[in-house]
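For reference, the structure is listed below as structure tokens.
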Amino acid sequence: MKKIITLGEILLRLSTDVGKRLSQADQLDLNYGGAEANVSVSLSNFGYDVYFVSKVPDNPLGLAAERHLKTNGVRTEFLLKGGERLGTYYVESGIGARSSQVTYDRKNSSFSQIMSEEIEFDNIFKDADLFHITGITPALSPSLVELTLIALQKAKENGVTTSFDFNYRSKLWSHQEAAETMKLFLPYLDICFCGELDAIYLLGIDKASNSLENKDRLTYYYETIRKNYPNIQYLSSTFRDVLSASTNTLQGNLFAEGVLYQSKTYQIDHIVDRVGGGDAFVAGMLYGILESTPFKEAVTFATAASVLKHTILGDCNTFSPEEIKIFANQAPGKIVR
């Protein structure tokens with residue numbers, strides 16, 4: 001069984017009912033999530049030995065977050081206890097033309113104050129196959145920029161494959177801050193999840209001509225990234241067309257060995273919960289890479305995993321590889337008997 005390490009913040013998520021604004025809500029649904037935690041849950045459901053590295057307060061909320069991870073098969077031996085609060089975020093559920101809105105309340109959370117000295121990276125990375133982290137973690141504090149860089153360097157020292165999702169959040173930092181930081185990490189990456197806008201605004205790549213098809217533009221960006229950072233073996237992202245908060249189209253992309261592979265385009269209608277859809281795609285793609293799946297099949301699996309996530313509530317994707325593969329090869333809406 002492959003050993004996977006993830007590092008990030010697990011958050012308490014509070015969501016309004018569809019049709020209610022946060023300012024008028026008198027009750028909220030409670031879930032737990034966070035980008036790296038969501039990827040951890042998916043990969044655990046795929047049958048891997050997944051360890052989540054983080055820090056939560058030693059109180060009932062921290063215990064509940066730990067139980068969420070354990071319930072989903074994620075190992076918590078490296079989950080530190082301390083600090084005073086669990087990061088929280090609120091989701092105002094969108095519908096139709098009204099987009100969902102996210103409000104963060106994570107300042108001074110236990111995780112944001114974690115120090116690199118608290119983490120025994122050599123022990124954590126022993127016999128590990130993959131390390132995954134996202135750009136949300138270094139966005140939280142200057143000390144977490146340092147922690148992310150140390151973690152990636154330690155992973156490479158221990159021969160661990162590294163995966164990084166840009167996951168840019170404008171509510172956490174500016175383009176300039178993110179751009180300066182992301183470039184520190186790129187020399188240590190094997191797998192990178194970044195899209196067209198990331199390439200332009202965070203990596204400073206000249207914008208491709210709008211006359212080019214989406215596939216040709218993305219190929220240009222990925223070829224440029226590979227030229228500048230030949231250590232990156234896989235580049236991946238999705239094309240999403242937002243028709244409304246309830247209806248999107250989604251297509252997956254994987255650039256490997258100089259070729260861009262794409263899934264078919266799915267129309268997702270009606271979206272139950274979009275949050276975590278990108279994390280489901282990332283986990284699906286990591287599964288394909290870890291299993292040495294043919295590239296076209298890998299991107300098809302990852303996109304199908306993301307589409308399925310849109311059909312369930314909460315941040316986490318709970319589908320097995322077998323369920324995802326069946327979905328990817330069946331007619332939409334068909335009853336499975």
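Here are a few things to note about the model shown:
- Entry note, the chain: relative contact order of 15 percent, from Cα contacts under 8 Å with a spacing of 6+ residues.
- In Å², nearest 10: area of ARG226 left accessible to a 1.4 Å probe: 70 Å²
- Cα→Cβ-extended label distance, 7 Å offset, between ASN329 and LEU63, nm: 4.6 nm
- The stretch 15-87: C-alpha gyration tensor shape, a/c 1.5 cut-off, then a/b vs b/c: oblate
- Between GLN267 and SER174, the contour length at 0.36 nm per residue exceeds the Cα-Cα span by 30.3 nm.
- Cα centroid separation - the stretch 91-143 against the stretch 207-264, whole Å: 25 Å
- Rounded if a/c under 1.5, otherwise prolate or oblate - the stretch 237-337, Cα gyration tensor axes: prolate
- Using only side-chain charges placed at the Cβ, +1 for Lys and Arg and -1 for Asp and Glu, the dipole size of the chain relative to its Cα centre rounds to 620 debye.
- Spatially proximal aspartates and glutamates relative to LYS171 (Cα-Cα < 12 Å; intrachain offsets below 8 disregarded): ASP105
- For the listed peptides 199-206, 21-28, 297-304, a ranking on the average number of other beta carbons within 10 Å per residue, highest first, reads 297-304, 199-206, 21-28.
- Taking each of LYS3/LYS55; LYS126/LYS325; LYS2/LYS325; LYS55/LYS107; LYS3/LYS70; LYS126/LYS154 in turn, the alpha-carbon distance tops 22 angstrom for LYS126/LYS325.
- Distance-filtered residues of the stretch 224-261 - backbone nitrogen under 20 Å, label point 7 angstrom along LEU313 Cα→Cβ: 245-247
- Kyte-Doolittle mean at least -0.5 and Cα axial length at least 15 Å: DSSP H helices in the chain: 35-45, 60-71, 142-157, 277-290, 295-309
- Simple rule: put +1 on each Lys or Arg Cβ and -1 on each Asp or Glu Cβ in the chain, find the dipole, and look at ALA64, CYS316, LEU149; the Cα lying farthest toward the positive end is CYS316.
- Anisotropy class of the chain from Cα gyration tensor, a/c 1.5 cut: rounded
- Within the chain, percent of DSSP bridges classed antiparallel, to nearest 5: 50 percent
- Expected 222 nm ellipticity per residue - DSSP helices of 4 or more, -39500 (n - 2.57), all of the chain, to 500: -10500 deg cm²/dmol
The values are calculated or read from the model by the stated rules, or taken from the named source; none is laboratory data. Remember, it's a predicted structure, so these values are computed and weren't measured experimentally. No Cβ is skipped: glycine too gets one built from the backbone with ideal geometry, and neighbour counts run over all protein chains shown. Protein only, heavy atoms only, side chains kept; ligands, DNA and RNA dropped before computing areas. Shrake-Rupley method; radii C 1.70, N 1.55, O 1.52, S 1.80 Å.
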